[in-house]
Amino acid sequence: MKKTTLFLLLLLLLGIPAMSSAQQQGYTNPVVPGFYPDPSVCRVGDDYYLVTSTFEYFPGVPVFHSKDLIHWTQIGHCLTRKSQLPLDNCAASGGIYAPTIRYNKGVFYMTTTNVSGGGNFYVTATDPAGPWSEPVYVKQGGIDPTLFFDEDKTYFLSTADGITMSEIDINTGKMVGASRVLWRGTGGRYPEGPHLYKKDGYYYLLIAEGGTEYGHKVTIARSRNIWGPYEGNPANPILTHINENAQNNQIQGVGHADLIQGHDGSWWMIHLGFRIQSGLHHVLGRETFLAPVRWDENAWPVVNGNGTNNLTMKCQTLLQVAASLAPQRLDFTEKTLPMEWTYLRNPDMSCYKLIPEQGIFRLNGTAVTIDEAKSPTFIGRRQQHIRFVATTLLKQWNMGKDGRGGVTVYMNNSSHYDLYLTQKGGKSYLEVRCKLGKIDQIVKSVPVSRQPITLKIEGSEGEYTFSYSQDGKKFITLTQLDTKYLSSKTTGTFTGVFIALFAEGVSSQLDFDSFEYAKQ
């Protein structure tokens, strides 16, 4: 201890900043847990900004800020208006695909694809927290667009017939000349997610291959000329978990990456992956992970030494700076909800009313149900942990005919578990419903009084447990349902599970008094 103290004092006397203990502690993956896929990152000075895809959810494309690439705080969304994000008739896993965020000459650019209408576009902002501009559409087809600024020219890349690029006028989005195919990858299916970088006189083209499943991987090619030809890295893939050295890793499906140079000169990779549970299933969706990269001059980048990533990382990091955490408990005493709360498609905002002076969040139902690919009265947050507990206190309710409302464990409109109140013959009932495609079953139904009721959902690796309490202390377990039937592997979707409040029925009204989500 004395030697350590003397060493630190010597550094201070010499004017050398001492490395904080946080720099030596490494970090834990994922750095953004839960359904936050297709990450992209940019840096302005010592500030880092990250965006992810959102599919059928609204607002679209969350924006996060960090000082160290490890601790992230959401600061806004890129797409907050229907004019930017029309989601009418958007199917499950439609809507917004992979975005890219870039910064050039004082302006932030976010490019993405609305596969349900409009195609490829970009929006701009001088403040990444927003507001962002109306969309500028680019005629080049495909998905997963990105921008690359090279001196006075701007290039637009997307996934079409391989990785395709054109020059565009950044002020109008109009293409300057025809698109050309740069590279088709190493032979893996679905070459996608391109990002272009310039280093040591080379243009490096980073892509994903193999499909966003267990065979996912990251590959890279380079050229002295921006138009190619591009030479693939002989050591491709530079990141994958399909090989023997990662077969027992809980993280799987790694891919769709973006590279970033830290303000200290270090290199890092942000990428997606998923954490398996209940065998080979996963319900959290594709999450955002961080890996260190060694990228020597004129050399190929090497990810984490062996092309894999881990939940617990022991490596030197940027100086770590704690970030603001989302509150675990909401008492609905504020005028707005936290940014992680999300709607399905374009919401009817008249169905949602915060009453902060009473600590009430009021939901009014409509004829639209959560079984439909429309916009029901639905608002929630992502399940971010395999083991969690979520509770909500329902203070009062009036369901009316055919009405129901409560809390749902929601993967998509055809796959969800619901814990809700309904009324039959003038009496109130609490029910658990299992909706899995053509299977639609009320698993449990019990009569309850019209006193305030606390609904609770607990998640574990293999089960969701549904329970309730009418005294706030003693909970009665209703049933347990298997997690794997909501997994992406079962449902075939690109999203992850939400824990959401909902209301159905034109005369239904529910007053929620609180909501709490906590990791277990």
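The values are calculated or read from the model by the stated rules, or taken from the named source; none is laboratory data. Predicted model, so just to flag it, every value in this text is computed and none were measured. A quick note on method: Cβ atoms are made from the backbone with ideal geometry, for glycine too, and the neighbour counts reach across all protein chains shown.
Tabulated data for the structure shown
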{"quantity": "Selection within the range 33-54 - of a type in the set (A, V, I, L, M) and either crowded, with 23+ Cβ neighbours inside 10 Å or at pLDDT below 95 (or both)", "calculated": "V41, L50, V51"}
{"quantity": "Unmet requirement for G305, which otherwise passes all of (1) in the same structural domain as E56 (by TED's automatic domain parsing); (2) touching a residue at least 24 places away in the same chain (Cβ under 8 Å)", "calculated": "(2)"}
{"quantity": "Every residue from the range 202-222 that is surrounded by fewer than 22 Cβ atoms within 10 Å (Cβ to Cβ) and within 28 Å of T490 (Cα to Cα)", "calculated": "G211, E213, Y214, G215"}
{"quantity": "Single match in T124, T100 (criterion: touching a residue at least 40 places away in the same chain (Cβ under 8 Å) and at negative phi)", "calculated": "T100"}
{"quantity": "Residue pairs meeting the criteria (Cβ under 9 Å; at least 6 apart or on separate chains; first modelled with pLDDT under 95, in the range 463-478; second assigned to a loop (DSSP other than H, G, I, E, B))", "calculated": "Q470/S449; Q470/Q451; Q470/P452; D471/Q451; G472/P452"}
{"quantity": "Every pair of residues 6+ apart whose Cβ atoms lie under 7 Å, when the first sits in the range 332-345 and is surrounded by 12 or more Cβ atoms within 10 Å (Cβ to Cβ) while the second is among the aliphatic types (A, V, I, L, M) and modelled with pLDDT under 95", "calculated": "E340/A326"}
{"quantity": "Verdict on K456 being touching a His at 6+ places or on another chain (Cβ under 8 Å), under 23 Å from N413 (Cα atoms), of a type in the set (K, R) and surrounded by 15 or more Cβ atoms within 10 Å (Cβ to Cβ)", "calculated": "no"}
{"quantity": "Out of G95, G141, sole residue that is crowded, with 17+ Cβ neighbours inside 10 Å and in the same structural domain as M175 (by TED's automatic domain parsing)", "calculated": "G95"}
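Yes or no, residue by residue, for (1) within 20 Å of G94 (Cα to Cα); (2) β-branched (V, I, T):
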site	(1), (2)
I143	yes, yes
S158	yes, no
M175	no, no
K199	no, no
